[in-house]
Structure formats: C-alpha cells, structure tokens
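The structure appears below as structure tokens.
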C-alpha cells in the first residue's frame, strides 16, 4: 500500500504530529474555570494583523494549532483573538511552541473551531510594534489576496521555480 505524497498529506500529518507532541502544553498550568462565551459582532475593517487560521483544536489541553504565513516570534501569553463569521469566537494567548508555518496558542476563553481566523488583539500601536519582517509578510499576504486567478497562478509558479533554484544552488 502506497501513501500519496502530496503537500496536503504532509500538512495533515504535520498537524497531527504537532497535536500529539504539543497535547500537554496548555495543561501545565492551572485549569481555568469555564466561562460563558460572550460573542460580539466585530467590524474586521479595523486595522488588525492577520496571523492565520486554526487547523487543530485540543479541548482537553485547551490549545489550538494555527497555520500561519507569518513566521513571527511573539512574547508568550501575547493576546490573540479568533473570529468565525466576523464574530469573536475565542480569546487566545500565544504559546512559545512554534515550527515553520505553524504556531500554538492557549485557549483563555471561548470556543474556537477549525477554520477560525486568528488576529493579534487590536491595539492602537500596531504600526510601531510590528517588526520589519512581520510588515513584509503582511504586505506579501495582502498582494497575494489582491491578485487575479492567472496572476496568482503565475506568481506561485515563479515562487516554486525560485525555490528549486535556491535548493539546487545550496546542494551543489
């Protein structure tokens, strides 16, 4: 029996592996008391910094795994928020466990679900607190979102070509 070797299969296996490895992360501290979730309608047009989408929720250990295009180190406990259909679904706290393309966050309150969008909690000083690397990643994400279908297809093809050239140069 042969397992399909695709990016989707690798991503799922990586997410499962991260879930198993990090299943005890949030359980090390005190167990927070369950509180009622006060969901509120939020206007996401405010300046917010998108970090990624929830790919795994571990209710027992009270943490989430976030797939992110941004490889940014934050302070442990940094406040994050997850949204579902433009409504606040959970308050999260950044966990230091991070691997390229994925980060974890502890669930402080609420009920996040797979697919929720995760943002840094809004503060007035976002412009001054973002590192140049974070700013560059956010600009790249915004450019990609504004591309048309064929333009995005050409862009991704060019990115793959450059990655192959870089890999060949480092090997030989």
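FYI, it's all coordinate maths here, none of it is from the lab. None of the values given here were measured: they were computed from a predicted structure. Because the Cβ atoms are built from the backbone with ideal geometry, glycine has one as well, and the counts that use them run over all protein chains shown.
Of the peptides 55-66, 73-84, 140-151, 160-171, the ranking by mean beta-carbon count within 10 Å, highest at the top, reads 55-66, 73-84, 140-151, 160-171. On a per residue basis, the convex hull of the C-alpha atoms belonging to the range 131-172 measures out at 59 Å³.
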